[in-house]
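A short worksheet on the structure shown next.
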Amino acid sequence: MAAPEASTAAVPTLYTNNTLRNAFGGVLSFFILLLIGVLAFSIRLFSVIKYESVIHEFDPYFNYRVTQFLTKKGIYEFWNWFDDRTWYPLGRVIGGTVYPGLTLTAGTIWWLLNSLNIPLSVETVCVFTAPIFSAFASWATYLLTKEVKGAGAGLTSAVLLAMVPSYISRSVAGSYDNEAVAIFALIFTFYLYLKTLNTGSLFYATLNSLAYFYMVCSWGGYTFIINLIPMHVLLCIVTGRYSSRLYIAYAPLVVLGTLLAALVPVVGFNAVMTSEHFASFLVFIIIHVVAFVYYIKGILSPKMFKVAVTLVVTVGLAVCCAVIAVLIALVASSPTKGWSGRSLSLLDPTYASKYIPIIASVSEHQPPTWPSYFMDINVLAFLVPAGIIACFLPLSDASSFVVLYIATSVYFSGVMVRLMLVLAPAACITSGIALSEAFDVLTGSIKFQLPGVTSNAEVDAGETSSDTSEAQTDEVKAEKPDDTSKNRPLKKSKKKERELAENPPAKATAKAKAKAEKKRLLALPLEASVISLLLLVVLGAFYVVHSVWAAAEAYSAPSIVLTTRSRDGLHVFDDFREAYAWLSHNTDVNDKVASWWDYGYQTTAMANRTVIVDNNTWNNTHIATVGTAMSSPERAAWEIFHSLDVKYVLVVFGGLIGYPSDDINKFLWMVRIGGGVFPHIKEPDYLRDGQYRIDSQATPTVLNCLMYKLSYYRFVETDGKAYDRVRRTEIGKKYFKLTHFEEVFTTHHWMVRIYKLKPLKNRIRGKAKKSKLKTSSTSSSKRSGTKKKNPWQ
Amino acid sequence: MEAPIRAREALGFILFSLLFSICRSSSLNHLLISNAERRIDLSSHIVKVYLTLKVENAGSTPTSEVFLSFPPTQVDHLATVEALVTKGKRKKTTLVRLDVKPTELPDAPNDAKYFAIYLENPLKSGESTTLEVLYLLTHSQEPFPAEIAQSESQLVYYRDSALILSPYHIKQQTTFIKTPSTKVESFTRVEPSNRAGTEIKYGPYEDHPPYSFSPILIHFENNSPFAVVEELVREVEISHWGNLQVTEQYTLVHAGARHKGVFSRVDFQSRPTLNGASSLRYLLARLPPRVHSVYYRDEIGNISSSHLRTDSRKSELEIEPRYPLFGGWKATFVIGYGLPLQDFLFETSDDRRYLNFTFGCPLLETVVDKLTIKVVLPEGSKDPSAVVPFPVEQHLETKYSYLDVVGRTVVVMEKKNLVPTHNSHFQVYYTFKPIFMLAEPLMLASAFFLFFVACVAYLHIDLSIRK
């Protein structure tokens, strides 16, 4: 740097030392950050190394398919995309119902690479998007924590976030899901909010709205931001921390952010219409009132002010009542009281299981168990309380935000296991703060205890204390005008220069000595600090080992291809892709495939066939129709499927090899969801003494329903006993024939079985003509009688 | 192998010979075939016909062309025609390959098509010579019944003539037809004809005038899988850093009797010989030796069922499609591998480089309906020219790969209807200056250098208004 170099000649050696240390520290933290990025990226590559570079699970396949469409057809086609391959015959407006952030990000990366003539495939870009964004997320964590507690805590939390198992589970290579980029957007938005709050710069406020816009594009979880930030603002106001910086941090975000959010088609007018956003508007009004009050207070004498307050309060109450009445009327007029089902289940954890079985049926919407906390955030769970305490010493605007963030996210993660993902960054930030503070204290006391390094330690202590005092100035605001220029490194150095010019070096050393005295009183005994330092290192090592294990073993399986290790080597079960490849090459391009909704995204993406329902689950009735068909006897199921123009039915069956998440295990949900819409499907019919079973004790309804028959058709011929390895029992009904369906494909390990609907029988058959006529007339009368049996007739 | 002739020259040659043959069509009458023996091998789905002709010049003028004629239905399926002549005395005979070119003759009856065999030395009056002809027919066995269930075996029709179609008088001829098994449902009898084991014999027939034809139909069992690659795109990318990257995209179809109705995995697994006898379970690809980084995948990811065996002379890749292919079922996949460059790239004396690589499809016993070979030359190479031993369609393309600026020249060769005998070598000649190899590293280095310079510049410039 030129400016410091020029000044070295003039200032004493202490200053030279300091700049050198600063420069060295800057370069060191840059390299540490670089390494953290590399770590965050590479720890997520286990799935590529152990398996292959492939898209994982269910939702990522949909995102992948959308990205393919985007790169092939362009952005305008993408916005107007009406997908007729899903939800047959309804279709789905993809452009208007999808969060486009992830897709646009990957599409842009792909486009950029291809315009540089780097011919990576769309798939490769999609696979590696998540690891790249986890590196970004850890850098964003560094920035955020740096705003709260300085660079040391920032680096610690960045390294913790780089390998927090909870985040790894959603961002391994191939896990191409919204959360992968959304967590980065979330942290970055929070960082910019705190940055604005600390500096009061309108520039950062604008950036903050843009980051919020990116978050809205990426994930439905943006409502967390738009509720948490108002909460924090409210907290600041209530605790008397209102400042113009708070106003700058909040007001532009609400105005610009809401306008930008309304640009995203999937949000649209929801940004001003639904209750999730009302908190922000309410706080927006409050902050204006408060700002106004502060302004009036500034220009009026205390006496006049009192009069004004009484006047305003009486008028204001009346206006408020009117506004609130209008709002309540508006909210009450909307059917779900302005809240979406998922948000409602967040506020009332029992809501989903009571009213929406389709939300309850998804495993990631279940509340987590205690072990899953240990699995997902590991030792951070113990460090978080310490971090919260550290946040209170001293409490600043930024650290109060962190406390609020961790408190709310702990609640939300307790409701839904998926939101553990929101907790993870908060846990990393607080644990990072805790670890860094602990290291600070312990190393500090060791330095004071060791006689040999005292002279060094004095300088060091002086520096650290000045650092912390600098951090404290943020809330003390003694030098408010200087605060805004803190962000520029050049200015910062200039400011230091000025400070040094003010305090001659001799005075500075004296001050440092006084501080050192004070510090020495706080120091811990040497042995205790060394031992606790070691223990902390062991704790960190334990975390690293656990994270690597989680990344390598627990979260890397793509779930589309399964492997088991046995004595004679590795077995690969690639049945899903076998079935999808078969469908894509050997059926007509316009054939419709019915399956339970879990496999909808994969079927459209990998087999390119039209499906009836998929993982989007926006139409409960449609899913209930498929559920009803699966839980009906063959003939009725055939009629439902035939009326939906279905040609193939796909079932997943794990009984031969012991794959537990198959359709038989999911079957009760089909019954429940089907029964929720079509009352003739009753759950008790499928349970024997309250228990769901498929062995000889099973109810006849189960043994005759389509799902049972399609899963176990000719299963007995494999081993002669029909022993189901998942349910660990012999099945109830072993020998039966299918009359309306025929097996057209079964994969190598029987995991996927595909059946074709047989065409209508030729009805003219002499003798049977009369009886046939009779049955057909009765069935038609029955149809007219029970209207709700099949909506597609 | 003969000196290869370029396609354009070949075309010119055909035109020339066409003109020439019109002038000399009378020479047809001078020749006669004193003895002909034909062996038709039907054991796989590629029909191999070995023809031994003893040609005699009964006219007064010497002639150097012998014409073979084919019915128009066969010409469409004709993949290759090769002719050899036996040379030398008894016991010391050597076989010499002769040029064979498609040609046309005036007044051809019923649109018969011709191939001309060019003898090395003109056949003088009264002399005779023995020609060995091999031709391969694809798509010539028609499944009947056209649709079969899983447990049925595949029956096919083969249509031909009991008499060899020839523009010459044939004094004596015999035809042997070899079927894959003893199970022959029926065959047309043209006396004298009889069947013994897997062989059906037609003839000997004496003294048949030119263009004699006697249609026969053989209905027999052929359970060999009809592996047909509908389209194969092979991309050979040359990198002068020492690697030759080959990527092959297959669209494979089982062209036998279509599968009908149920596919039952339990039957297929428990009784593999009775069930799906004609299904295509695995394929064998013969790759060059020292192959490395082999992959086998399709558009939805890696296919885990493959085995690679390598030794010093060849590499064999055994691949299973994701699912067994029954009649009419399709599968697509990609095979890719790298090869050491020094095995395939050579330098000529005049400082040109040439790639010497095999044409055709590495899969054994498969027919390729359409093959496209793309040879991607390194960026900066000039004057490409390809030398292929048989006529192909050629054109040039440009491809942009990693950090290319001007693009790489791609020599594209297309050919239809290929059989394994087309796996001969072709050459692509080009000139290349080694300095171009450094273009991309230098570009990257300078880009990074500029980036750092920009960073340094940014740090030294103070753009703030306030001091």
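The values are calculated or read from the model by the stated rules, or taken from the named source; none is laboratory data. Since we're looking at a predicted model, the values are computed, not measured. For neighbour counting, all protein chains shown are included, and Cβ atoms are generated from backbone atoms with ideal geometry for every residue, glycine included. Note: accessible area is taken over every heavy atom of the protein model, side chains too, but ligands, DNA and RNA are not part of it. Shrake-Rupley method; radii C 1.70, N 1.55, O 1.52, S 1.80 Å.
Give me the mean projected area, in nm² to one decimal, of the convex hull enclosing the Cα positions of chain B.
33.1 nm²
Inter-chain neighbour count for A:578-587: the average number of beta-carbon atoms from partner chains within 10 Å of each residue's beta-carbon is 6. Rounded to the nearest 10 degrees, the inclination of helix B:439-460 to the longest alpha-carbon principal axis of chain B is 20 degrees. In sequence order, segment A:289-296 has phi-based couplings of 4, 5, 4, 5, 4, 4, 5, 4 Hz under the Karplus curve 6.51 cos²θ - 1.76 cosθ + 1.60, θ = phi - 60°, and Gly or Pro positions carry x. With R₀ fixed at 60 Å, the C-beta to C-beta distance from A:TYR76 to A:ALA332 puts the FRET efficiency at about 0.95. Charge dipole (Cα centre; +1 on Lys/Arg Cβ, -1 on Asp/Glu Cβ; no other charges) of the protein assembly as shown amounts to roughly 2940 debye.
Across chain B, C-alpha contacts under 8 Å between residues 6 or more apart give a mean separation that, scaled by the residue count, equals a relative contact order of 14 percent.
Per DSSP H run of at least 4 residues, take -39500 (n - 2.57); add these up for the protein assembly as shown, divide by its residues and hand me the 222 nm value, nearest 500 deg cm²/dmol.
-14000 deg cm²/dmol
Annotation: the antiparallel percentage among DSSP beta bridges lying fully within chain B is about 90. Contact residues in segment A:102-151 by the 10 Å² criterion (accessible area, 1.4 Å probe, full protein complex versus chain alone): A:LEU116, A:ASN117, A:ILE118, A:PRO119, A:LEU120, A:GLU123. If you take the beta carbon distance between A:HIS680 and A:LYS734 as r and set R0 to 22 Å, what does 1/(1 + (r/R0)^6) give as a FRET efficiency, to the nearest 0.05? Once rounded, the FRET efficiency stands at 0.20. Residues whose amide H lies under 5 Å from that of B:GLN172, counting only those 5 or more places away or on a different chain, are B:ASN35, B:ALA36, B:ASP207; hydrogens are built 1.01 Å from N in the peptide plane.
Net length available on complete extension from B:GLU365 to B:GLU82 is 100.0 nm, with 0.36 nm assigned per residue and the Cα-Cα distance removed. Please report, as a whole percent, how much of the solvent-accessible surface of the protein assembly as shown comes from carbon and sulfur atoms (probe radius 1.4 Å). Carbon with sulfur: 62 percent of the solvent-accessible area. What percent does the relative contact order of segment A:630-691 come to when contacts are Cα pairs within less than 8 Å and at least six residues apart? Once normalised by length, the contact order is 25 percent. Along segment B:413-429 the Karplus relation, 6.51 cos²θ - 1.76 cosθ + 1.60 evaluated at θ = phi - 60°, assigns HN-Hα couplings of 10, 10, 8, 10, 6, 10, 10, x, 5, 7, 6, 9, 8, 10, 10, 10, 9 Hz to successive residues, with x for each Gly and Pro.
In the context of the full set of protein chains, the protein assembly as shown has a per residue accessible area of 47 Å² (1.4 Å probe). Shown is the FRET efficiency for B:THR94 and B:ASP383, computed with R0 = 41 Å from the Cβ-Cβ distance and rounded to the nearest 0.05: 0.60.
Taken about its Cα centre, segment B:221-305 carries a charge dipole of about 380 debye when Lys and Arg each add +1 at the Cβ and Asp and Glu each add -1 at the Cβ.
Per residue of A:710-718, count partner chain C-beta atoms within 10 Å of its C-beta, then hand back the mean as an integer. Before the final figure, lay out the partial values.
Details: counts 0, 0, 0, 2, 4, 1, 1, 6, 4.
Across A:710-718, the average partner-chain Cβ count within 10 Å equals 2.
Residue by residue, segment B:347-356 carries 3J(HN,Hα) couplings of 10, 8, 5, 8, 6, 8, 10, 9, 9, 10 Hz when phi is fed to the Karplus relation 6.51 cos²θ - 1.76 cosθ + 1.60 (θ = phi - 60°); x denotes Gly or Pro.
Taking the average, over residues, of other Cβ atoms within 10 Å as the packing measure, peptides A:697-703, B:331-337, A:174-180 rank A:174-180, B:331-337, A:697-703 from highest down. Buried surface for the B/A pair, taken as the accessible area of each chain alone minus that of the pair with a 1.4 Å probe, is close to 2900 Å² in total. Close amide H partners of A:ILE118, meaning residues 5 or more places away or on another chain with modelled amide H under 5 Å apart, are B:LEU403.
Restricting to Cα pairs below 8 Å that are 6+ residues apart, what does the relative contact order work out to for segment B:227-441? Please round to a whole percent.
Normalised by residue count, the contact order of segment B:227-441 is 25 percent.
Computed from Cα positions, the angle between helix B:7-23 and the longest principal axis of chain B comes to roughly 20 degrees. Ordered from highest to lowest accessible area with the whole protein assembly present and a 1.4 Å probe, A:TRP139, A:TRP111, A:TRP219 read as A:TRP111, A:TRP139, A:TRP219. Amide H contacts of A:VAL379 (H built 1.01 Å from N, in plane; Pro and chain starts excluded): no residue 5 or more places away or on another chain comes under 5 Å.
Quick check on segment B:183-291: take the gyration tensor over C-alpha atoms, sort the square-rooted eigenvalues as a ≥ b ≥ c, and tell me if it's rounded (a/c under 1.5), prolate or oblate. Oblate, because a/c is 1.5 or more while a/b does not exceed b/c. Segment B:102-127 and segment A:84-157 have Cα centres lying 69 Å from one another.
On a per residue basis, the convex hull of the C-alpha atoms belonging to segment A:599-691 measures out at 121 Å³.
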